[in-house]
Amino acid sequence: MSIPHIPVLYREVVSAFEGCDEGIIIDCTMGYGGHSSLILDSYPRVKLIGIDQDQAAIDFSSKRLAKYGDRVIIKKGRFSEVLKEIFQEVDVSKISAILADIGVSSLQLDQGKRGFSFESDVLDMRMNPDANLSAAEVVNGYSQKALEDILYQYGELRNSRKLASIIIQNRPFYSAKELADCVKPFMPKGKKIHPATLLMQAIRIEVNDELGELQRVLDVIESEDKLTCKLGIISFHSLEDRIVKQRFSSWSKKCICPAEFMRCECENNNAKGKIITKKPLTAQVDELKNNARSRSAKLRVFKREAL
């Protein structure tokens with residue numbers, strides 16, 4: 001098979017799951033099976049459940065992972081919803097690790113018909129092609145205030161008001177290329193990325209509710225008291241990394257009493273586990289050279305303990 005997707009932080013993911021030699025590992029964002037295949041090769045006694053909402057990814061990975069036989073189960077849907085179902089279907093004590101790669105796969109970016117790339121002739125950006133909301137509806141239908149909020153919050157663009165105004169004045173847009181070319185003169189200069197990267201990223205996050213989905217999957221993991229496993233989350237955006245960092249920090253606290261309490265009244269045993277990576281793991285030099293998309297990738301790992 002021609003493998004279209006290069007999984008980021010591949011060595012770091014395998015290393016993070018050391019000790020997870022048996023049981024079930026869940027790949028919440030299976031994509032094109034890059035991390036899944038490495039995990040299955042590295043830990044030959046584990047079984048893997050892969051989740052994805054993109055049927056094209058499922059079709060590809062079903063073929064790629066077929067050689068592992070009954071060691072692999074693939075499920076379709078948003079990973080927060082499917083993970084909750086898995087917790088109800090399997091013996092949670094057998095889950096040894098959970099991985100979530102919060103990003104767009106290489107093939108989704110490279111396929112022009114998906115509308116993720118700057119040169120695409122369509123304006124879509126849906127990770128799930130069957131979802132209702134597309135980039136075209138956001139760009140051409142949202143109010144100027146709504147667009148401004150998205151660009152400021154998700155793109156962290158200081159001139160979000162100006163950019164939203166430019167979009168309103170020049171819409172409708174019918175392609176990602178048309179949109180990128182229109183805003184390019186007004187985007188930040190001097191970075192080693194396409195000038196429209198942050199704007200397109202902000203729209204993509206809105207279309208796919210990426211931050212909401214990350215919060216929901218963390219809620220699902222937090223709510224399962226019987227779960228003991230390693231949790232690895234790869235993020236590509238500062239807002240995503242901040243959410244993961246703050247949640248891991250919250251989970252590691254033994255005392256959850258309000259700050260104004262003079263002494264602990266919660267019995268000081270509320271930690272849900274411990275942080276494995278004090279600082280996020282990032283790509284090594286050779287990976288940065290061979291895979292430009294690894295530049296912004298950060299992996300944080302937490303050891304979840306049953307209560």
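The values are calculated or read from the model by the stated rules, or taken from the named source; none is laboratory data. Just so you know, these numbers come straight off a predicted model, no measurement behind them. Every residue, glycine among them, receives a Cβ derived from its backbone with ideal geometry; neighbour counts consider all protein chains shown.
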Which pairs have Cβ atoms under 6 Å, sit 6 or more apart or on different chains, and link a residue in segment 46-58 that is closer than 16 Å to Asp91 by Cβ to one that is outside any helix (DSSP H, G or I) and aliphatic (A, V, I, L, M)? Val46/Ile25; Lys47/Ile24; Leu48/Ile25; Leu48/Val72; Ile49/Ile26; Ile49/Ile73
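Residue by residue through segment 144-174, note down the ones that are outside any helix (DSSP H, G or I) and free of Cβ contacts under 8 Å to residues at least 60 places away in the same chain. Write out each step before concluding.
Here is the first cut: in segment 144-174, the residues outside any helix (DSSP H, G or I) are 154-159, 171-174.
The answer is Gly155, Leu157, Arg158, Asn159, Arg171, Pro172, Phe173, Tyr174.
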Test Ser235 against the criterion of being in contact with a strand residue (DSSP E or B) (Cβ under 7 Å, 6 or more places away or on another chain) and either outside the structural domain of Phe87 (by TED's automatic domain parsing) or among the polar types (S, T, N, Q) (or both), and give yes or no. yes
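The rows are residues; the columns are (1) under 30 Å from Tyr154 (Cα atoms); (2) over 21 Å from the mean Cα position of the chain (by Cα).
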residue: Gly31; (1), (2): yes, no
residue: Ser42; (1), (2): no, yes
residue: Ala57; (1), (2): yes, no
residue: Glu85; (1), (2): yes, no
residue: Glu89; (1), (2): no, yes
residue: Lys94; (1), (2): no, yes
residue: Ile98; (1), (2): yes, no
residue: Ile102; (1), (2): yes, no
residue: Ser120; (1), (2): yes, yes
Of the residues in segment 21-50, how many are at pLDDT below 95, surrounded by 19 or more Cβ atoms within 10 Å (Cβ to Cβ) and outside any helix (DSSP H, G or I)? 5
Being surrounded by 22 or more Cβ atoms within 10 Å (Cβ to Cβ), in the same structural domain as Arg293 (by TED's automatic domain parsing) and either part of a strand (DSSP E or B) or of a type outside the set (S, T, N, Q) (or both) is the requirement here; does Tyr68 meet it? no
Please note which strands (runs of 3 or more DSSP E) are completely contained in segment 218-307 and include at least 1 residues that are of a type in the set (Gly, Ala, Ser), at pLDDT 90 or above and more than 16 Å from the chain's Cα centre (by Cα). 273-275
Is it the case that segment 100-111 has a residue that's touching an Asp or Glu at 6+ places or on another chain (Cβ under 6 Å), over 23 Å from Ala297 (Cβ atoms) and of a type in the set (Val, Ile, Thr)? no
Going residue by residue through segment 249-266, is there one that turns out to be small (Gly, Ala, Ser) and either touching a strand residue (DSSP E or B) at 6+ places or on another chain (Cβ under 6 Å) or outside the structural domain of Ala292 (by TED's automatic domain parsing) (or both)? yes
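Say we look at segment 71-116 and pick out the residues that are modelled with pLDDT under 80 and outside any helix (DSSP H, G or I); which of these is surrounded by the fewest Cβ atoms within 10 Å (Cβ to Cβ)?
Looking only at segment 71-116, we keep the residues that are modelled with pLDDT under 80, and these are 103-116.
Filter once more, keeping what is outside any helix (DSSP H, G or I): 103-105, 111, 115-116.
Values: Gly103: 21, Val104: 20, Ser105: 27, Gln111: 15, Gly115: 25, Phe116: 25.
Looking at the filtered set, the residue picked out is Gln111.
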Go through (1) farther than 30 Å from Arg304 by Cα; (2) in the same structural domain as Ile243 (by TED's automatic domain parsing); (3) not hydroxyl-bearing (Ser, Thr, Tyr) and name the single condition Val220 misses. (1)
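Please go through segment 267-291 and give me each residue that is surrounded by 12 or more Cβ atoms within 10 Å (Cβ to Cβ), more than 20 Å from Glu222 (Cα to Cα) and free of Cβ contacts under 8 Å to residues at least 24 places away in the same chain, ordered by number. Steps first, please.
Going residue by residue through segment 267-291, those that are surrounded by 12 or more Cβ atoms within 10 Å (Cβ to Cβ) are 268, 270-277, 280-284, 287-288, 291.
So of that shortlist, the ones also more than 20 Å from Glu222 (Cα to Cα) come out as 280-284, 287-288, 291.
Listed by number, the list holds a single entry, Leu288.
Pick from segment 51-65 the residues that are part of a loop (DSSP other than H, G, I, E, B) and at pLDDT below 95: which of them is farthest from Arg78 (Cα to Cα)? Before the answer, list the steps.
Residues of segment 51-65 part of a loop (DSSP other than H, G, I, E, B): 53-54, 65.
After this cut, where a residue has to be at pLDDT below 95 as well, the list is 53-54.
Values: Gln53: 6, Asp54: 9 Å.
So, considering only residues that are part of a loop (DSSP other than H, G, I, E, B) and at pLDDT below 95, the one farthest from Arg78 (Cα to Cα) is Asp54.
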Selection from segment 213-252 of residues farther than 30 Å from Glu156 by Cα and not acidic (Asp, Glu) yields Ser223, Lys226, Leu227, Thr228, Cys229, Lys230
Give Lys145, Lys189, Lys184 a once-over and let me know the one that is in the same structural domain as Val122 (by TED's automatic domain parsing), surrounded by fewer than 17 Cβ atoms within 10 Å (Cβ to Cβ) and under 26 Å from Ile243 (Cα atoms). Lys145
